[in-house]
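The values are calculated or read from the model by the stated rules, or taken from the named source; none is laboratory data. Bear in mind that the values here come from a model prediction, so they are computed numbers and not experimental data. Please note: Cβ atoms are built from the backbone with ideal geometry, for glycine as well, and neighbour counts cover all protein chains shown.
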Amino acid sequence: MTLIKSLAGATAATALMAGAALAEPAIIFDLGGKFDKSFNEAAFAGAERWAKETGGTFKELEMQDEAQREQALRRLAEAGANPIAMTGFAFGDVLNKVAPDFPDTKFAIVDMVVDAPNVKSIVFNEHEGSYLVGIMAAMASKSGTVGFIGGMDIPLIRKFGCGYAQGVLAANPDAKVILNMTGDTPAAWNDPVKGAELAKAQKGQGADVIYAAAGGTGVGVLQAAADEGILSIGVDSNQNYLHPGQVLTSMIKRVDNAVYEVFKEGENMTPGLNVMGLANDGVGYAMDEHNAALVTPEMQAAVEDAAAKIKSGEIVVHDYMTDDTCPAASF
């Protein structure tokens, strides 16, 4: 009996160890889904890159509404997924509740800081990348008026808009910047019709370059800008390909790199704060065959000069989230 018990115990222990060794990472996408051509899709690309390079597999969940956040997170943790990445600030409150209940599970959250011993918080200096595309917008504009359309009206998106306005005015102090938000609920991330309406309204006010930082809503902004014969600027993912020759550039936010690194670290992921900015290639702007004809050498030189000065500290782009103010625009 003793031998049987010890064998059974050894088998159980081996099974547990095998299960631990084979723990899959997981990702939960914010509203808008993994194919939003923007923020979520960038995160998915990072997970896919890890899977292709390693031959590994990962779990994934797409939410249909706000009420599913906690349920989705708990379900993945209970299923043994480790680490679990989630995209979006709105997971913050839920993660604060769930993380302590699963101390052996590592969690990573993008765009929010959660102070817990098993959580990695990944934030970006979006204001720096937005400053660069603002310079480009000002130099490309013929009317001297440019626009910004954000998704949900939250400090994070104002951070994009403020950085953009600073870049615009650095290149053209006489420029006018029109700023609009799509709404004040999470539905603002996935309303391309409203995005298109706002883009047309901004064109009516003279804007001939519009920067969209609005998730899935931005797809409508870019489409309307193309239809109206004006330029747009994409966000998060490289969206230049959506309307070749009509998207001036895209402000790249390397959410893909963030998720890839989390999956690569696996259960050994280091908790804490990770800030991704220009200096460590966390943000930037997109150049490719789809926008090469739109960007003059002078524009690119100005942007590269500004990027170098931001990296060296010579230019400090004000971060709206530090004090809820913007020196270059009012919301």
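Output the residue which, of all residues in region 278-288 that are touching a residue at least 24 places away in the same chain (Cβ under 8 Å) and not in a strand (DSSP E or B), is surrounded by the most Cβ atoms within 10 Å (Cβ to Cβ).
Going residue by residue through region 278-288, those that are touching a residue at least 24 places away in the same chain (Cβ under 8 Å) are 278-279, 281-288.
So of that shortlist, the ones also not in a strand (DSSP E or B) come out as 278-279, 281-282, 286-288.
Details: Leu278: 19, Ala279: 15, Asp281: 11, Gly282: 23, Ala286: 20, Met287: 16, Asp288: 12.
Here the residue is Gly282.
Residues are listed down the side, and each one gets a yes or a no for (1) assigned by TED's automatic domain parsing to the domain that holds Pro244; (2) among the hydrophobic types (A, V, I, L, M, F, W, C); (3) in contact with a Phe, Trp or Tyr (Cβ under 6 Å, 6 or more places away or on another chain):
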| residue | (1), (2), (3) |
| --- | --- |
| Tyr164 | yes, no, yes |
| Asn172 | yes, no, no |
| Ala175 | yes, yes, no |
| Gly183 | yes, no, no |
| Trp189 | yes, yes, no |
| Gln205 | yes, no, no |
| Asp208 | yes, no, no |
| Ala214 | yes, yes, no |
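How about region 214-277: which strands (runs of 3 or more DSSP E) wholly inside it have at least 3 residues that are surrounded by fewer than 20 Cβ atoms within 10 Å (Cβ to Cβ)?
Here the list reads 272-276.
Restricting attention to region 42-68, and to residues there that are within 18 Å of the chain's Cα centre (by Cα) and under 14 Å from Leu31 (Cβ atoms), which single residue is surrounded by the most Cβ atoms within 10 Å (Cβ to Cβ)?
Among those that are within 18 Å of the chain's Cα centre (by Cα) and under 14 Å from Leu31 (Cβ atoms), it is Ala43.
Determine whether region 52-75 contains at least one residue that is touching a Pro at 6+ places or on another chain (Cβ under 9 Å), free of Cβ contacts under 8 Å to residues at least 40 places away in the same chain, of a type in the set (Lys, Arg) and under 20 Å from Ala258 (Cβ atoms).
Yes, the conditions are met somewhere in region 52-75.
When you check Met276 against the structure, is it within 26 Å of Pro155 (Cα to Cα), modelled with pLDDT of 95 or more and touching a Lys or Arg at 6+ places or on another chain (Cβ under 7 Å), yes or no?
yes
Every residue, every condition in (1) modelled with pLDDT of 95 or more; (2) touching a His at 6+ places or on another chain (Cβ under 6 Å); (3) within 19 Å of Asp208 (Cα to Cα); (4) of a type in the set (Phe, Trp, Tyr), yes or no:
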position: Leu231; (1), (2), (3), (4): yes, no, yes, no
position: His243; (1), (2), (3), (4): yes, no, yes, no
position: Met251; (1), (2), (3), (4): yes, no, yes, no
position: Tyr260; (1), (2), (3), (4): yes, no, no, yes
position: Lys264; (1), (2), (3), (4): yes, no, no, no
position: Met269; (1), (2), (3), (4): yes, no, no, no
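If Ala21 meets every condition in (1) more than 18 Å from Ser121 (Cα to Cα); (2) at pLDDT below 95; (3) touching a strand residue (DSSP E or B) at 6+ places or on another chain (Cβ under 7 Å) apart from one, which number is that one?
(3)
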